[in-house]
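Here is the structure we will look at.
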Amino acid sequence: MVTVNENYLKLPGNYLFSEIAHRVEAFREKNPGAAIIRLGIGDVTQPIAPAILKAMHKAVDEMGDSRTFHGYGPEQGYEFLRNVIAKEDFLSRGCQIEADEIFVSDGAKCDVGNIQEIFSLGNKVAVCDPVYPVYVDTNVMAGRSGNYNEKTGRFEGILYMPCTKENGFVPEIPKETADLIYLCFPNNPTGAAVTKEQLQAWVDYANKNGSVILYDAAYEAYIEGDEIPHSIFECEGARTCAVEMRSFSKNAGFTGVRLGYTVIPKELVRGKVSLHALWNRRHGTKYNGAPYIVQRAGEAVYSPEGKAQLREQIQYYKSNAAMILNGLTQAGFEVYGGVHAPYIWMKTPDGMSSWKFFDYLLSEAHLVGTPGSGFGACGEGYFRLTAFGSHENTLEAVERLKELR
Ligand code: PLP
């Protein structure tokens with residue numbers, strides 16, 4: 001008889017976003033007229049930019065003509081896309097990343113989730129706390145953790161690195177040795193960014209200990225100023241210890257289109273095995289998950305018109321973030337993030353728990369955000385607001401929050 005992967009059973013049943021949906025639905029049933037504003041979900045709302053749509057339409061037409069039809073694509077993605085990524089995202093910033101070190105995919109979530117498969121189960125995993133849940137969940141499912149401890153809100157066997165207001169939401173280098181280290185900057189959920197110096201310390205640690213850093217740069221497009229690195233490959237020595245994941249979701253609105261990529265330098269070798277070569281054997285290698293039409297859309301992201309149109313979209317979200325940050329600061333709330341990321345991390349007022357504040361906000365202001373405790377034990381007492389709404393809704397939400405003070 002077939003037996004199941006019991007590691008899946010270690011995951012707690014009440015997933016954060018289904019619990020939110022459940023509570024909002026219950027509130028809506030009791031209050032059918034309430035104008036609920038959602039500042040909780042990490043999905044974008046601006047439509048695909050015209051330059052990208054144009055490229056997609058052209059690619060669709062190519063698919064309908066036998067002379068320009070495309071079947072299975074190259075395993076790492078089309079060269080036209082990998083070349084422009086290498087040039088625009090890396091070489092232009094002084095990072096020596098070659099096009100053949102880039103693996104195109106159908107989004108960062110898949111890569112962030114699947115990358116752990118090329119590492120053995122014996123590796124010690126380190127994650128930030130709070131953290132984007134995919135890193136922990138996928139390692140738990142693979143069997144790289146012990147059981148979930150209800151009391152601590154943590155899995156045994158995982159090394160959690162606290163990100164608190166005291167350390168500016170950037171974790172300290174752990175005293176014990178971690179093998180697989182997940183870092184995400186700018187960060188979801190805290191909105192924190194790292195300086196090059198801070199990131200360099202992680203790269204040095206990883207090289208010294210033979211660890212590998214899995215660097216999630218899904219929010220790179222939101223970085224402001226020169227002191228914040230856009231890529232871990234801006235750090236010296238990163239080519240021998242780091243993998244970087246990127247997404248087209250939050251910079252170009254591809255959450256429904258699906259496109260991302262992972263960079264694995266050829267010098268990244270552990271136990272004489274090239275991680276680049278291992279990742280080439282990953283699931284779905286033949287198809288890489290991203291259709292020709294979508295890869296042409298990705299190429300258009302880097303065209304002059306595409307860049308200009310996307311700059312405007314990102315500015316739109318960033319001005320929402322500024323509106324939330326300034327409004328809540330003026331109202332006397334304690335708020336973080338929101339400058340290099342579309343996320344605002346607020347301290348719940350009067351020491352309320354994250355879920356208590358969720359219920360309070362929903363009933364008193366008809367606002368929906370995300371309880372910080374859903375991202376980890378250190379998120380308790382915090383709340384995440386996102387900048388992906390419309391200006392009108394964001395403004396209205398800020399007014400409602402101010403009225404609560
Ligand atoms: N990484 C982080 C930190 C995210 O917050 C998200 C989405 O919210 C992703 C990755 C997923 O990106 P994608 O849409 O490319 O799968």
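Some points to look at:
- Candidate set from region 109-136 (those that are part of a loop (DSSP other than H, G, I, E, B) and under 20 Å from L16 (Cα atoms)); member that is farthest from the ligand (Cβ to nearest atom): P130
- For region 297-322, residues that are closer than 17 Å to E220 by Cα and assigned to a loop (DSSP other than H, G, I, E, B) total 1.
- Qualifying residue in region 387-405 (condition: at positive phi, assigned to a loop (DSSP other than H, G, I, E, B) and either outside the structural domain of E75 (by TED's automatic domain parsing) or crowded, with 21+ Cβ neighbours inside 10 Å (or both)): no
- Region 243-274: number of residues that are surrounded by 20 or more Cβ atoms within 10 Å (Cβ to Cβ) and more than 16 Å from the ligand (Cβ to nearest atom): 3
- Scanning region 174-199 for residues that are at pLDDT 95 or above and over 16 Å from the mean Cα position of the chain (by Cα) returns A178, D179, L180, T195, K196, E197, Q198, L199.
- The helices (runs of 4 or more DSSP H) found entirely in region 4-108 that carry 1 or more residues being farther than 30 Å from E396 by Cβ are 50-63, 79-85.
- Looking only at region 323-379, and only at residues there that are among the β-branched types (V, I, T) and part of a helix (DSSP H, G or I), the one that is surrounded by the most Cβ atoms within 10 Å (Cβ to Cβ): I324
- Every pair of residues 6+ apart whose Cβ atoms lie under 6 Å, when the first sits in region 229-247 and is without any contact (Cβ under 8 Å) to a residue 60 or more places away in the chain while the second is of a type in the set (A, V, I, L, M, F, W, C) and part of a loop (DSSP other than H, G, I, E, B): E244/A217
- Restricted to region 193-235, and to residues there that are small (G, A, S) and either touching a Cys at 6+ places or on another chain (Cβ under 6 Å) or in a loop (DSSP other than H, G, I, E, B) (or both), the residue that is surrounded by the fewest Cβ atoms within 10 Å (Cβ to Cβ) is G225.
- Residue in region 72-79 that is surrounded by fewer than 16 Cβ atoms within 10 Å (Cβ to Cβ) and within 14 Å of the ligand (Cβ to nearest atom) present: no
- Conditions (1) more than 20 Å from the chain's Cα centre (by Cα); (2) free of Cβ contacts under 8 Å to residues at least 12 places away in the same chain; (3) within 16 Å of the ligand (Cβ to nearest atom): number failed by P291: (2)
- Residue list for region 35-65, restricted to those being within 16 Å of the ligand (Cβ to nearest atom) and of a type outside the set (S, T, N, Q): R38, L39, G40, I41, G42, D43, V44, I48, I52
Yes/no matrix, rows are residues, columns are (1) surrounded by fewer than 18 Cβ atoms within 10 Å (Cβ to Cβ); (2) within 17 Å of M245 (Cα to Cα); (3) assigned by TED's automatic domain parsing to the domain that holds P291:
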| residue | (1), (2), (3) |
| --- | --- |
| C95 | no, yes, yes |
| F119 | no, yes, yes |
| V127 | no, yes, yes |
| P130 | no, no, yes |
| E150 | yes, no, yes |
| R154 | no, no, yes |
| M161 | no, no, yes |
| K165 | yes, no, yes |
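- Among residues that are assigned by TED's automatic domain parsing to the domain that holds E176, within 28 Å of N280 (Cβ to Cβ) and either out of contact with any Phe, Trp or Tyr (no Cβ under 7 Å at 6 or more places or on another chain) or surrounded by fewer than 17 Cβ atoms within 10 Å (Cβ to Cβ) (or both), N139 is included.
- Count of residues meeting criterion [within 15 Å of the ligand (Cβ to nearest atom) and either closer than 18 Å to Y382 by Cβ or not in a strand (DSSP E or B) (or both)] in region 172-192: 9
- Residues being part of a loop (DSSP other than H, G, I, E, B), away from the ligand (no atom under 16 Å from the Cβ) and at pLDDT 95 or above - total across region 144-171: 12
The values are calculated or read from the model by the stated rules, or taken from the named source; none is laboratory data. On a predicted model such as this, the values are computed, not experimentally measured, just so you know. Positions of Cβ are backbone-derived with ideal geometry, glycine not excepted, and every protein chain shown enters the neighbour counts.
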